[in-house]
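Worksheet for the structure shown next.
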Amino acid sequence: MLPALILARRTRITPRRLATLALLALWLIASGAQGFPGAWTANAPRMTVASSQLDQSSRPLTPPSASVEGVIERVVWRYRTAPGARLQGRLCHGQRCLRLKAAHGSTEHFAGLDAAGPFVFRFRLLDGESPLVVDGMSVIVNHR
């Protein structure tokens, strides 16, 4: 008798259910070719933003190891400034940037891009603002 049918009889799994499980296993293996889900996080050191004319960029935020593969699903960001500070912020991956309307949040704006990054925060002051310090810059990159 076929091994699959022997297994099916011993575990009371019908041949139809066994075929369904086999198809599910094949689908999982095929979808795994895109990479296993994962996440990485990175932080950038504090910086002083002093210009309303030019963007000032953080150091690139990259994964802690070079072995990250796959594509981005979601990115979570955070940064801190003094209370009441007003500035224009963007989070960028290559030439694709997202205008940050808050000091923390999450987005799927970068979905499908290379999960290895790098990401860069870019800031500029609003007209008439004094220089200010931005710290606590971090990203969490969820990928598959």
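Any read-out appearing in this document is the output of simple, stated calculations on the displayed coordinates, not a laboratory observation. Just so we're clear, the structure is a prediction, and the values are computed from it rather than from any experiment. Here the Cβ is made from the backbone with ideal geometry for all residues, glycine too, and neighbour counts use every protein chain on show.
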Residues within segment 93-111 that are surrounded by 15 or more Cβ atoms within 10 Å (Cβ to Cβ) and over 12 Å from the mean Cα position of the chain (by Cα), tallied: 4
Unique match (being exposed (fewer than 15 other Cβ atoms within 10 Å of the Cβ) and either in contact (Cβ under 8 Å) with a residue 12 or more places away in the chain or not aliphatic (A, V, I, L, M) (or both)) among 131, 63, 118: 131
